[in-house]
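Structure record follows, encoded as structure tokens.
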Amino acid sequence: MSASKKSINTPSFKQILTNPWHFFAFGFGSGLSPKAPGTVGTLAAIPLWWAMQSLPFGVLVGIITVSFVLGVWVCAQSSRQLQVHDHPGIVWDEFVGYWITMLAAPKEWWWIIVGFGLFRFFDIIKPWPIGWVDRRVKGGFGIMVDDAIAGILAALVLYMLTLLVV
């Protein structure tokens with residue numbers, strides 16, 4: 001992202017705090033990172049996962065589903081206000097994608113790191129069908145769904161790894 005585009009279309013931290021769409025879409029401010037905002041956003045999702053991971057599986061699925069549905073709307077609103085589709089600072093999709101990944105993880109702390117690496121791999125590389133969806137599906141749903149698919153693929157790989165290790 002060029003410096004001029006960043007200064008025109010990226011909200012300030014104060015704007016993030018005062019605009020509920022930006023506050024959530026920018027992952028409570030983590031998306032303002034000047035370097036690798038998606039990675040920083042995923043890192044910001046870890047403490048929330050750490051707090052949620054002991055909840056019953058059905059409750060986790062419910063939280064993630066609601067977070068996805070609300071994320072579609074919130075990210076669409078933020079994107080529309082910024083007049084930039086899928087602004088790099090919009091990282092709520094990384095939160096949800098990472099949480100999807102972690103549904104397949106055992107509770108030991110080091111699986112959080114493995115899940116982080118797998119999710120970031122799929123989110124950055126965007127193998128089929130992630131890249132195909134990323135290029136063709138727009139709006140808030142488009143912002144959210146490619147990361148959800150990356151989370152599903154990462155969860156499948158993570159689950160297969162647990163079968164080998166656990």
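In the stretch 1-17, of all residues being at pLDDT 85 or above and more than 20 Å from the chain's Cα centre (by Cα), the one that is nearest to Ser33 (Cα to Cα) corresponds to Ser12. For Asp86, indicate whether it is in contact (Cβ under 8 Å) with a residue 24 or more places away in the chain, surrounded by fewer than 20 Cβ atoms within 10 Å (Cβ to Cβ) and more than 19 Å from Leu55 (Cβ to Cβ). So Asp86 passes the test. Just to be sure, is Ala76 in contact with a His (Cβ under 9 Å, 6 or more places away or on another chain) and surrounded by 12 or more Cβ atoms within 10 Å (Cβ to Cβ)? Criteria not met by Ala76. Residues in the stretch 50-72 that are surrounded by fewer than 16 Cβ atoms within 10 Å (Cβ to Cβ) and in contact with a helix residue (DSSP H, G or I) (Cβ under 8 Å, 6 or more places away or on another chain): Trp50, Met52, Leu55, Ile63, Leu70.
Restricting the stretch 28-44 to residues that are among the aliphatic types (A, V, I, L, M) and part of a helix (DSSP H, G or I) leaves a set whose member that is farthest from Met102 (Cα to Cα) is Leu32. The single condition from (1) surrounded by fewer than 23 Cβ atoms within 10 Å (Cβ to Cβ); (2) part of a helix (DSSP H, G or I); (3) in contact with a Lys or Arg (Cβ under 8 Å, 6 or more places away or on another chain) that Phe116 fails is (3).
For the stretch 119-153, a residue qualifies if it is β-branched (Val, Ile, Thr), under 16 Å from Thr42 (Cα atoms) and either touching a residue at least 12 places away in the same chain (Cβ under 8 Å) or assigned to a loop (DSSP other than H, G, I, E, B) (or both), and the qualifying residues are Ile124, Ile143, Val145, Ile149, Ile152. Pro47 falls short on exactly one of the conditions (1) part of a helix (DSSP H, G or I); (2) of a type outside the set (A, V, I, L, M, F, W, C); (3) loosely packed, with under 15 Cβ neighbours inside 10 Å; (4) more than 16 Å from the chain's Cα centre (by Cα), and that condition is (4).
The values are calculated or read from the model by the stated rules, or taken from the named source; none is laboratory data. Since the model is a prediction, treat every value here as computed from it, not as a measurement. A quick note on method: Cβ atoms are made from the backbone with ideal geometry, for glycine too, and the neighbour counts reach across all protein chains shown.
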